[in-house]
Amino acid sequence: MSGLLITFEGGEGAGKTTQISGLADHLRVRGFDVIVTREPGGSAGAEAVRHVILSGAAEAYGPAMEALLFAAARSDHVDQKIRPAIEAGQIVLCDRFIDSSRVYQGISGNLDPQFMQAVERIAIDGTMPDLTFILDIPADKGLARAGLRRGNEAADRFEKETIATHEARRQAFLGIAAEEPQRCKVIDADRSVAEISAEISALTDNLLNSREGYAHG
Ligand code: T5A
C-alpha cells in the first residue's frame, strides 16, 4: 500500500510545527507509520541550502534565485526522503511545501506564473500532497507568537518583512485553498492548540477512512 503526503502551510507562527507534532502522535496511536519533515530542509542536501536561504545570503540576487534555491532543496528532499517514504507506505507530514513557494516567491516575489509552474513541476516530479492544511491566522498574531518563541534571536529573511507583506501572503494562501478545495483545508489557527488539533485529526481520519486499506493503521 502506498503512503500519503500531508503538508502544513500558512504564515509565520501559525502553529504548523505544533500541529504536526499533535497529528503525528494521533496517527501513531492509531498504528500508522509516520515521519515528520520540513522545508526548506529535510534531507542532507536541502538542509545545506536552508541556511543559505534563511540567512538572507541569496536575497540580494532576487526572488528568482531564491525560488530556484527552494526548488533545488525541494527536489533533493522529495528524491531522498519524501518519495521513498511514500513508496514504503509511510505517512509523511511536511512543514511547508509547494504552496510556500507559490506564495512567498511566486506572489510576494512577483515572479512569472509560468516560470513558477515549471520550477515546481521539476522540483516535485509528480509528488503532490494528498492533503494540505492551511493554518490561517491574522499576520500580527502569528508574528507575535513567532517572536515570543524566538526570544532574543534575530528574525529570519522572511519573518522580518512588513505586516502588509505578511497579510498579502495570508490572502494568497486563502486564494490557493479556494482554487484547490479538494486538497486544501483552511483551519482557523486563532484558537487553542487542542481545538485546532481536534479538527486536523478529524479531517485526516476522514481522508484515511475514505482510502481503501487505511481504515486501521
Ligand atoms: N519559505 C519556505 C519560502 O519562502 N518558500 C518556501 O518554499 C518554503 C518551504 C521557513 C521560512 O522559509 C519561507 C517561509 C518561512 O519564512 P522556518 O524557520 O522553517 O522558516 O519557520 P516557519 O515555517 O515560518 O514556522 P514558524 O517557526 O514561524 O512557525 P510555526 O511552525 O507555524 O509555529 P509553531 O508551531 O512553531 O508555533 C509558534 C509559537 O506559537 C505557539 C508555539 O508554542 C510557539 O511558541 N503556539 C501557540 N500559541 C497559542 N495558541 C496556539 N494555538 C498556538 N500554536 C502554537
Options 97, 18, 142, ranked by Cα towards positive dipole end of the chain, top entry (Cβ charges)
18
Can you tell me the 0 to 90 degree angle between the C-alpha axis of helix 63-77 and the longest principal axis of the chain, rounded to 10?
30
Out of 150, 50, 38, a Gaussian network model of the chain with alpha-carbon springs under 10 Å gives the largest mean-square fluctuation to 150
Determine the relative contact order of region 1-62: mean sequence separation of Cα pairs under 8 Å and six or more apart, normalised by residue count, in whole percent.
14
Could you run the Karplus curve 6.51 cos²θ - 1.76 cosθ + 1.60 with θ = phi - 60° over region 101-115 and give me ³J(HN,Hα) per residue in whole Hz, x for Gly and Pro?
5, 4, 7, 6, 8, x, 8, 4, x, 6, 8, 4, x, 5, 4
Go ahead and estimate [θ] at 222 nm for the chain from helices alone: -39,500 (n - 2.57) per DSSP H run with n ≥ 4, summed, over the residue count, rounded to 500.
-15000 deg cm²/dmol
Could you pull the Rg and Dmax for the chain, using just the Cα atoms, both in Å?
16.7, 50
Would you check region 4-210 for Lys pairs whose C-alpha atoms are within less than 24 Å, ignoring same-chain pairs closer than 8 in sequence, and give me the count?
6
Expressed as an acute angle from 0 to 90° and rounded to the nearest 10, what is the orientation of the C-alpha long axis of helix 44-54 relative to the principal long axis of the chain?
40
Relative to the first principal axis of the alpha-carbon coordinates of the chain, what is the inclination of helix 163-179, with its axis defined by its Cα atoms, in degrees from 0 to 90 and to the nearest 10?
40
I'd like the distance separating the alpha-carbon centroids of region 63-116 and region 145-179, in whole Å.
18
What accessible area per residue, rounded to a whole number of Å², is obtained for the chain using a probe radius of 1.4 Å?
47
Expressed as a rounded percentage, what relative contact order does region 4-210 have, with Cα pairs under 8 Å and six or more residues apart?
32
Accessible area of the chain with a 1.4 Å probe: how many percent of it is carbon plus sulfur?
54
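The values are calculated or read from the model by the stated rules, or taken from the named source; none is laboratory data. Just so it is clear, the model here is predicted, and its values are computed rather than measured. Every residue, glycine among them, receives a Cβ derived from its backbone with ideal geometry; neighbour counts consider all protein chains shown. For the accessible areas, the whole protein counts, side chains as well, though only heavy atoms, and no ligand, DNA or RNA atoms are used. Shrake-Rupley method; radii C 1.70, N 1.55, O 1.52, S 1.80 Å.
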